[in-house]
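Just below is one structure, and these are the notes that go with it.
Please treat every number below as a calculation from the coordinates, not as lab data. All values derive from a computational prediction rather than experimental measurement. Cβ atoms come from the backbone with ideal geometry, glycine included; neighbour counts cover every protein chain shown.
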Amino acid sequence: MYSRAIVRSFLARPSAYNKLAANSSTAAVFQAEPKAPVQGVMQVREDKIVGRDIVGYGLNGEPQYFDSITFPFPSVRFMKNTPEIVALRVKEKGDWKKLSIEEKKKLYRASFCQTLVEVDAPTGEWKAIFGWVMVWISIAVFSFVGVRKFLTSTADDPTLSLEYRQAQLKRMIDLRVDPIDGLSSNWDYEKNTWKS
Amino acid sequence: MFPSVVRALSRGVVAVGRQSAMKPITAVSARFMSEHKEETDEEFYSRYESFFNRSDIDGWEARKAMNDLAGQDAIAEPKVIIAALKACRRLNDYALAIRFLENVRIKSEIDKSIYPYILQEISPCLQELGIDTPEALGYDKPELALDDVDHIY
């Protein structure tokens with residue numbers, strides 16, 4: 001909000017407005033060379049399309065180039081209007097049967113960066129992703145195994161010895177743990193032995 | 001004059017009152033909702049066809065219509081494609097025509113029988129205007145590779 005207020009007050013000054021208008025997208029189309037950027041907020045993006053035709057609405061009405069299947073027609077032509085392409089455009093006004101395949105391709109690449117098939121083409125990136133997933137999974141498995149094998153030891157824990165465990169079982173029986181269908185239900189307290 | 005007006009008015013009020021007493025007003029349920037009519041496919045395609053057939057169509061409008069068609073969950077009918085290609089010819093934009101055909105081709109991939117049918121229907125127009133199919137230009141397969149901008153830096 002604060003920055004917008006700054007922009008708005010900046011634009012309110014007539015000198016700044018005139019400078020921006022002179023560098024705006026409409027004017028930018030007809031400039032062969034980019035102008036020195038005016039100190040301002042809106043210049044950076046606009047300067048990138050200098051020398052290119054703004055031809056349509058595109059993705060959202062902004063003058064920007066973007067290859068996409070769902071919006072195949074961007075608002076800006078991809079390449080600048082070099083003399084070579086301008087000459088081709090003049091030829092394009094005539095019969096299209098007289099254009100060679102190279103010229104047609106050149107015209108296409110002047111308007112668009114990638115063909116739609118190229119946009120959709122597999123990048124092979126999945127291999128890198130798969131590889132990295134495998135690397136991290138193996139690191140995790142090896143650390144788990146290593147920790148269990150080398151860092152945690154149960155051998156010197158007295159509470160895991162047979163006597164301790166038998167003592168604990170005895171105490172659980174004395175406390176009548178789970179008397180209905182569990183441990184103590186299997187203990188015969190009169191004969192002091194397991195029920196057969 | 002004035003009293004008579006008053007009298008006439010009062011009589012009117014009485015009359016209205018009496019009438020309503022005798023004949024109760026029945027509530028008419030009229031809801032003022034918009035009448036939404038579903039557009040048939042036929043109307044949809046003729047709308048686009050006539051749009052492309054406009055003689056004063058410019059590049060902005062053609063691209064907008066093509067973008068809209070690309071966004072539809074449908075493949076344009078051959079008559080719409082022909083109209084669009086002719087619009088491209090009038091606009092002297094060869095790349096636009098190829099791009100449109102490419103888009104049609106990609107959308108047709110859902111069913112193998114669609115694209116041959118479309119090609120068969122539009123081939124007279126293609127030959128008349130001198131437009132190549134995307135296959136003839138080699139655009140049915142990736143021609144150039146582009147580094148992903150996210151991986152450049």
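Quick rundown of the values:
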| item | result |
| --- | --- |
| Loop-located trypsin sites (Lys or Arg not before Pro) in region B:100-133 whose Cβ has at most 10 other Cβ within 10 Å (DSSP) | B:112 |
| Exercise: per-residue mean of other protein chain Cβ atoms within 10 Å, B:139-152 | 4 |
| Region B:34-70: trypsin sites (Lys or Arg not before Pro) in DSSP coil with no more than 11 other Cβ atoms inside 10 Å | B:37 |
| Average other protein chain Cβ within 10 Å of Cβ, residues B:93-106 | 6 |
| Neighbouring partner chain Cβ atoms per residue of B:67-77, average, 10 Å criterion | 2 |
| Kirkwood hydrodynamic radius over Cα pairs of region A:60-164, then Stokes diffusion coefficient at 20 °C and 1.002 mPa s, in µm²/s | 107 µm²/s |
| Kirkwood estimate for region B:51-153, i.e. one over the average of 1/r between Cα atoms, Å | 14.6 Å |
| Residues residue A:169 and residue A:123, FRET efficiency given R0 of 56 Å [Cβ-Cβ distance, rounded to 0.05] | 0.35 |
| Least to most buried among A:66, A:112, A:71 (fewest other Cβ within 10 Å first) | A:66, A:71, A:112 |
| Cα-projected label distance for residue B:114 with residue B:135, points at 7 Å along beta-carbon direction, nm | 1.7 nm |
| Nonlocal amide H pairs with residue A:187, under 5 Å, H built at 1.01 Å | A:195 |
| Reachable lysines, given that their alpha-carbon falls under 20 Å from the alpha-carbon of residue A:91 and they are not under 8 places away in the same chain | A:80, A:104, A:105, A:106, B:86 |
| Neighbour-count order for A:153, A:111, fewest beta carbons within 10 angstrom listed first | A:153, A:111 |
| Net lengthening on full extension, residue A:188/residue A:91 (0.36 nm per residue, minus Cα-Cα) | 24.3 nm |
| Derived scalar couplings ³J(HN,Hα) [region A:57-70; Karplus, 6.51 cos²θ - 1.76 cosθ + 1.60; whole Hz; x for Gly, Pro] | 7, x, 6, 9, x, 7, x, 8, 9, 7, 8, 7, 6, 6 |
| Coil-residue chymotrypsin sites (Phe, Trp or Tyr not before Pro) of region A:153-194, DSSP, other Cβ within 10 Å capped at 12 | A:189 |
| Label-to-label distance, nm, for residues given as residue A:84 and residue A:159 (7 Å Cα→Cβ offset) | 8.0 nm |
